[in-house]
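Report on the following structure.
Please treat every number below as a calculation from the coordinates, not as lab data. As the structure is a computational prediction, the values presented were derived from the model and not from experiment. Methodologically, a virtual Cβ is constructed for each residue, glycine included, from the backbone with ideal geometry; neighbour enumeration extends over all protein chains shown.
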């Protein structure tokens, strides 16, 4: 299981220079990947390209870019340009976002989500492979190709949680990228449906994003994590995954505790087929970031 670090989720508090510096640190520490959130601050795809020019080895991915505001041809062109800048180390993570964003903020319809993603990938996937896209659907009617010098085929990961989205993702994408989805739900719901839909294709990636804190005060830290991430327990897509897990809120799926507790939690993720752990290190107490980074670095070889 590869280990990556989530970054850029502060919604504007970190500068480009800050995040380039973080990427260099993660690469020097040996981490496999850096996953860039796309909220209401820096654009994650553009940021990945800038970071890619300043790093050599670390994979850079988006976690995740909403599909609705960007035409699939436009996002393909941007992603392939970023791939060229990253010299083959970029993974495009996309998702539907949430009704509160797509309808209430952007004024677009969120009604036909599965149909939207099915058509979106029908256009996006061939373009990311370097092939022309020819598609006639209800939302998109496309007949074009792209030529981006230096770009290599770019994997697309979809934030797929429900049954229909998992079927679409298994058939048409390289895997899924998750958030707020606990191990029992990955083992019993996500993994089986994704792999069944991907039958005959390469084994799909499962990138599991979860909060993590190394601490000797787990109860106090869980209380802080719960307050910091309370919003995610109210969004319907994440709420449904928390309900499947039997979790009352985000704190219940967070990886919190001493080294033995975190070792057991990470081993379980690896053993149920998670290919990539996307560590969202929560600054829940003094020194938590550096302490947790050191811990994760020390476990890279053990979990590989």
log10 of Debye I(q)/I(0), alpha-carbon scatterers only, for region 15-63 at 0.30, 0.31 Å⁻¹: -1.25, -1.32
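What FRET efficiency do you get for residue 164 and residue 28 if R0 is 30 Å and r is their Cβ-Cβ distance, rounded to the nearest 0.05? Numbers along the way, then the final one.
Values: r = 41 Å, r/R0 = 1.38.
FRET efficiency, residue 164 to residue 28: 0.15.
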Calculated log₁₀ intensity ratio I(q)/I(0) where the Debye formula runs over C-alpha points of region 241-304, q = 0.12, 0.18, 0.20, 0.29 Å⁻¹: -0.33, -0.75, -0.91, -1.44
Exposure proxy order (Cβ contacts within 10 Å, fewest to most) of 144, 86: 144, 86
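In the chain, what percentage of the DSSP-assigned beta bridges are antiparallel, given to the nearest 5? Before the final figure, lay out each step's value.
Numbers: 4 of 39 bridges.
Expressed as a percentage, antiparallel bridges in the chain total about 10.
Stretched out fully, how many nm does the piece from residue 188 to residue 99 gain, at 0.36 nm a residue minus the Cα gap? Working shown, then result.
Numbers: separation 89, 0.36 × 89 = 32.04 nm, distance 2.64 nm.
Going from the current span to full extension adds 29.4 nm.
Computed from the mean reciprocal separation of all distinct C-alpha pairs, what Kirkwood hydrodynamic radius does region 155-304 have, in Å? Provide the component values of the computation, followed by the final result.
Details: mean 1/r = 0.0636 Å⁻¹.
Result for region 155-304, one decimal place: 15.7 Å.
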Along principal axes, Cα extents of the chain, largest first, whole Å: 57, 40, 40
Ordering of 19-31, 285-297 by burial proxy (mean other Cβ atoms within 10 Å per residue, highest first): 19-31, 285-297
Rg over Rh [alpha-carbon atoms, Kirkwood Rh] for region 47-104: 1.05
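Would you kindly calculate the translational diffusion coefficient of region 1-89, applying Stokes-Einstein with the Kirkwood radius from alpha carbon pairs, for 10 °C and a viscosity of 1.306 mPa s, and quote it in µm² s⁻¹ without decimals?
Working: Rh = 13.0 Å.
Approximately 122 µm²/s, per Stokes-Einstein.
Can you tell me which of 169-175, 90-96 comes out highest on packing, and rank the rest after it, using the mean Cβ neighbours within 10 Å? Mind dumping the intermediate values first?
Details: 169-175: 23.0, 90-96: 26.3.
Per-residue Cβ counts within 10 Å, averaged per peptide and sorted highest first, yield 90-96, 169-175.
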Where labels lie 7 Å past Cα in the beta-carbon direction, separation of residue 43 and residue 56 in nm: 3.0 nm
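Can you work out D for region 132-217 in µm² s⁻¹ from Stokes-Einstein, where Rh is the Kirkwood radius over C-alpha pairs, the temperature is 25 °C and the viscosity is 0.890 mPa s? It would help to have the intermediate numbers written out before the result.
Values: Rh = 15.1 Å.
Stokes-Einstein gives a translational diffusion coefficient of 163 µm²/s.
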